[in-house]
Amino acid sequence: MKIIKLNVLLVFTLVFAIGCKNQSEKKVAKKSEQKPNIVVIYLDDLGYGDLSSYGATELQTPNIDALATGGIKFTNGYASSATCTPSRYALLTGMYPWRNKKAKILPGTAPLLISTEQQTLPKMLKKQGYQTSIVGKWHLGLGTGIVNWNERVSPGPNEVGFDKSYILAATQDRVPTVYIKDGNVVGLDKNDPIQVNYKENFEGEPTAVLNPEMVDMKWHHGHNNSIVNGIGRIGFMKGGESAKWVDTDMADHFLKKAQNYVKTHKDNPFFLYYAMQQPHVPRTPHPRFVGKSGMGPRGDVILEADWMIGEFMKTLKEEGILENTLIVFSSDNGPVLNDGYYDDAVEKLGKHDPKGGLRGGKYSIFEAGTRVPFITYWKGKIKPAVSDAVVCQMDLMASIAELVGTEETSTDSKNVLNAFLGNSDKGRDNLVIEATGKTALRSGDWLYIPAYKGKNFREKVGIEVGNFPFEQLYNLKEDLGQHNNLAETNSDKLTEMKATFQKLRGLDFKKGVKEVIFR
Ligand code: NG6
Ligand code: CA
């Protein structure tokens, strides 16, 4: 009798356990179904005023505008920095780049900047069951120091959280000018190995400075080392002929990779970091976009990028996942016209204002360096609005963590998910922005820039970088163009801002910090 009772109990427990397991499996399946795909579309050097949705009248960018008018268009959206590498570092790690001294514009031979131990956005998402991928520009270093480009290059994106990677190593103007898939150079002929050097040329190899007759796009400053496809580059490269990219095909090439990724991963939640190369130099529009903007190659590649994004959006729609995908659109730093090549960007600019009324540009601690177009779009989920909330790309980590249900984030990243989804106008209270190693504080409507050594006007690129031997204080709400320095007249605000800045930067100014000078 006892034995029978026990058996009944056992069967009961078993049935109950199986039932529970099925239920919990169902729950997991349902939960993962609900997890949205996340796509970050990141442009390179696109300015605050370069889109028609951000006030441009001389350029029409209908596809990006559709994201801006169908989502949240941020008017106070920031890259962490006024150059590429530090901004990308902050975006992917959720950490201020000025905490890492090596987070500066990197050569193509630099070692990986992100530690393989570090928290990253793709790592966090991977843990939550996401498939993760990067297509496009990397510029965060590869390998550990000396890279052999003819073997698998590691560590790289795949070692810091990306399941898949299809990248250009540094920038379009830097060698090696090849695509790298999951660490391997694409299309490499082992009998024609690649060698890369940033210090000296390889014997007998032409350069843009010595062989101007071989160059189609004249260099203005820098960009006079190895010649690839008639364009002088930064750095020297030998071999790898069959692997060299075609510059004018790059946008189509990356688009195809991004589309294929979506098509093959649509059944499970994915994270795609689609890092486009436009409108960084060298600006090489595909022939079908040449002359389309009337503004020369810079305008043409912005139209090209806009078209690519339209095609990419069509793919999300056709694959039936548009309503389950959060799209974040932004740029890594502000605009520059002449960044080292004669390409008519200055001459054909006309009435267009890439800065959109801001002061400065790429490399600048003034607003145009870091304030960039910033859009979140999620069809059916985000109600269209314009938001003045101060948000930074660094905040994607904490905000997306909240969205996918984890607390594993990074210290500098702020959870502004409600602002990203349009449920709140509240962004961050404070943000330290950075430009070529110099930092400043945005707090509320105010911007404080310490006194800095060095010249304000960088002649070669024609940009005011913001260095003055005195402190600057601006009320951005009343003075977006930063024309009216209130440091002398509003000493209370100045003192308050300085105190916050010192606290956030963790610097003891009394000990004498070389870069930052107080009166
Ligand atoms: C600079 C390059 C510039 C651009 C920049 C990186 C020269 C003279 N200038 O050093 O052309 O490549 O680095 O841009 O070489 S970024 O957007 O990737 O930060
Ligand atoms: Ca850039």
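The values are calculated or read from the model by the stated rules, or taken from the named source; none is laboratory data. Because the structure is predicted, anything quoted here is derived from the model rather than measured. Every residue, glycine as well, gets a Cβ built from its backbone with ideal geometry; the counts of neighbours run over all protein chains shown. When the accessible area is computed, the model is the full protein with side chains, heavy atoms only, and any ligands, DNA or RNA have been set aside. Shrake-Rupley method; radii C 1.70, N 1.55, O 1.52, S 1.80 Å.
To the nearest whole percent, what portion of all C-alpha pairs in the chain is separated by more than 35 angstrom? It would help to have the intermediate numbers written out before the result.
Details: 47202 of 134421 pairs.
Summing the P(r) tail past 35 Å for the chain gives 35 percent.
Within region 355-447, list the GluC sites (Glu not before Pro) lying in a DSSP loop whose Cβ has at most 11 other Cβ atoms in a 10 Å radius.
Working: sites: GLU367, GLU402, GLU407, GLU408, GLU434; in loops: GLU407, GLU408.
Here the GluC sites (Glu not before Pro) that fit, given the DSSP loop and packing criteria, are GLU407.
Within a Cβ distance under 14 Å of ALA56, other residues only, what is the Lys/Arg minus Asp/Glu net charge?
In short, -1.
Between the alpha-carbon centers of region 401-442 and region 47-66, tell me the distance in whole angstrom.
So the separation of the two Cα centres works out to 25 Å.
For region 159-205, which GluC sites (Glu not before Pro) are in a loop by DSSP, counting at most 13 other Cβ atoms within 10 Å? It would help to have the intermediate numbers written out before the result.
Details: sites: GLU159, GLU200, GLU203; in loops: GLU200, GLU203.
Taking region 159-205 and a limit of 13 other Cβ atoms within 10 Å, the loop GluC sites (Glu not before Pro) found are GLU200, GLU203.
Against the longest alpha carbon principal axis of the chain, how many degrees, from 0 to 90 and to the nearest 10, is the axis of helix 2-34 turned?
20 degrees
Could you size up the charge dipole of region 221-266 around its Cα centre, putting +1 on the beta carbon of Lys and Arg and -1 on that of Asp and Glu, and report it in debye to the nearest 20? Walk me through the numbers before you get to the answer.
Numbers: 7 positive and 4 negative charges, 52 e Å.
For region 221-266, the charge dipole is close to 260 debye.
With the full set of protein chains in place, find how many percent of the accessible area of the chain is carbon and sulfur; take the probe as 1.4 Å.
On the way: 11810 of 22320 Å².
Carbon with sulfur: 53 percent of the solvent-accessible area.
Relative to the longest principal axis of the C-alpha atoms of the chain, give the angle of the C-alpha long axis of helix 84-93, reported between 0 and 90° and rounded to the nearest 10°.
Tilt of helix 84-93: around 20 degrees.
For region 94-182, what class follows from the C-alpha gyration tensor (a ≥ b ≥ c being the square roots of its eigenvalues): rounded when a/c is under 1.5, otherwise prolate if a/b is larger than b/c, else oblate?
Details: a/c = 1.77, a/b = 1.22, b/c = 1.44.
Oblate shape, in that a/c is at least 1.5 and b/c is the bigger or equal ratio.
Taking a 22 Å limit on the Cα-Cα distance, which of the listed pairs LYS73/LYS181; LYS351/LYS379; LYS35/LYS164; LYS102/LYS256 fall beyond it?
Numbers: LYS73/LYS181 33 Å; LYS351/LYS379 34 Å; LYS35/LYS164 20 Å; LYS102/LYS256 33 Å.
Cα-Cα > 22 Å for LYS73/LYS181; LYS351/LYS379; LYS102/LYS256; rest within.
Kirkwood Rh over Cα pairs of region 367-519 into Stokes-Einstein at 10 °C, 1.306 mPa s: D in µm²/s? All intermediate terms of the calculation are to be shown ahead of the outcome.
Numbers: Rh = 17.2 Å.
Here the translational diffusion coefficient equals 92 µm²/s.
With a 1.4 Å probe and all protein chains kept in place, how much accessible area does ASP216 have, in Å² rounded to the nearest 10?
Using a 1.4 Å probe on the heavy atoms, I get roughly 130 Å².
As I understand it, the value is the acute angle between the Cα axis of helix 250-265 and the longest principal axis of the Cα atoms of the chain; what does it come to in degrees, rounded to 10?
Long axis of 250-265 versus the principal axis of the chain: about 10 degrees.
Students sometimes get this wrong: rank PHE366, PHE202 by accessible area, probe 1.4 Å, all chains present, largest first.
Values: PHE366 0, PHE202 35 Å².
Descending accessible area places them as PHE202, PHE366.
Inverting the mean 1/r over all pairs of different Cα atoms, compute the Kirkwood radius of region 195-238 and quote it in Å.
Values: mean 1/r = 0.0994 Å⁻¹.
Across region 195-238, the inverse of the average 1/r is 10.1 Å.
Do the sum for the chain: with -39,500 (n - 2.57) for every DSSP H run of n ≥ 4, divided by all residues, what is the mean residue ellipticity at 222 nm, to the nearest 500 deg cm²/dmol? Intermediate results must be reported in sequence, preceding the final value.
Details: 10 runs with 129 residues, N = 519.
Using -39500 (n - 2.57) per qualifying helix, the result is -8000 deg cm²/dmol.
When you count, for each residue, the other Cβ atoms within 10 Å and take the mean per peptide, how do 243-254, 35-46 rank with the highest first?
On the way: 243-254: 18.6, 35-46: 23.8.
Packing proxy ranking, top to bottom: 35-46, 243-254.
Taking a probe of 1.4 Å, how large is the accessible area per residue of the chain, in Å²? Let's see the in-between values first.
Working: 22320 Å² over 519 residues.
Accessible surface, normalised per residue, equals 43 Å².
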